[in-house]
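The values are calculated or read from the model by the stated rules, or taken from the named source; none is laboratory data. Predicted, not measured: the structure shown is a model, and the values here were computed from it. Heads up, the Cβs are rebuilt from the backbone with ideal geometry, glycines too, and the neighbour counts pull from every protein chain shown. Remember, those area values only see protein heavy atoms, side chains included, never the ligands or the DNA or RNA. Shrake-Rupley method; radii C 1.70, N 1.55, O 1.52, S 1.80 Å.
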Amino acid sequence: MVTQLPLDGIPAGKAGPSKVTIRLAREDEVETLRQIERSAAQAFKLIEAFSWLAVGEVQSAERHQEMIAQGTNFVAAADGDYPVGFLSAEVADGELHIEEISVDHLHQGFGIGRKLIRRAIDEAAARGLAAVTLTTFRTIPWNCPYYERLGFRTLDEADLSPRLDNLLALEAEHGLARDTRCAMRLTINE
């Protein structure tokens with residue numbers, strides 16, 4: 001299923017793509033998706049405490065391929081079917097967990113991330129899943145506050161499932177201090 005979505009709410013003074021199509025990622029796009037993630041990470045250069053993320057590792061080609069095989073790796077393709085963003089997710093414990101969402105830095109601010117998240121929510125609903133979950137930074141404006149505006153709820157430590165608690169612990173082992181991170185959930189079916 002391919003969702004055609006015109007971009008709306010484009011910021012003044014920025015000319016984005018005229019149309020973005022959200023579709024499943026293809027195996028021949030894996031390296032492009034990795035480049036998009038590197039590009040998106042450049043936004044972290046603006047935040048001194050997290051600037052190291054701008055040069056950090058990106059999702060592996062193998063992980064992208066696994067999620068393509070599961071039908072849970074979506075691409076935002078601009079005019080000419082050229083990928084400008086992606087959302088990688090996996091089904092776990094009856095929920096769709098967003099592992100990564102990235103939009104190329106030149107295409108940020110045009111609602112592409114919101115359209116990718118909408119597709120993930122629609123996919124979770126179509127699969128009869130209970131929720132969409134993710135982990136993110138608590139205070140970075142394009143992270144937790146952004147997802148809250150889209151309807152996600154920040155989970156307290158007591159509300160964390162074992163899976164999400166383990167993910168936050170694993171992130172901490174990889175340099176993402178637990179006190180800077182949170183898990184979020186958007187309930188779909190209960």
Subject >> Cα gyration tensor shape of segment 131-176, rounded if a/c is under 1.5, else prolate or oblate by comparing a/b with b/c >> reply: oblate
Original post:
To the nearest 20 debye, what charge dipole does segment 62-170 have about its Cα centre, counting +1 at the Cβ of each Lys and Arg and -1 at the Cβ of each Asp and Glu?
Top reply: 360
Original post:
Using the beta-carbon distance between Ala169 and Tyr146 and R0 = 22 Å, what value does 1/(1 + (r/R0)^6) give for FRET efficiency, to the nearest 0.05?
Top reply: 0.40
Subject >> For segment 100-190: rounded, prolate or oblate by the Cα gyration tensor [a/c cutoff 1.5] >> reply: oblate
Subject >> Residue (of Ile112, Thr154, Pro141) at the positive-pole extreme of segment 87-190, dipole from beta-carbon charges >> reply: Ile112
**OP:** Provide the gained length on full extension for the span Glu57 to Asp159, in nm with one decimal, where the gain is 0.36 nm per separating residue minus the Cα-Cα distance.
**Re:** 33.8 nm
Subject >> Net length gained if the chain between His105 and Arg26 were fully extended (0.36 nm per residue, minus Cα distance) >> reply: 26.3 nm
Subject >> Residue-normalised accessible area of segment 138-190, expressed per residue, 1.4 Å probe, Å² >> reply: 59
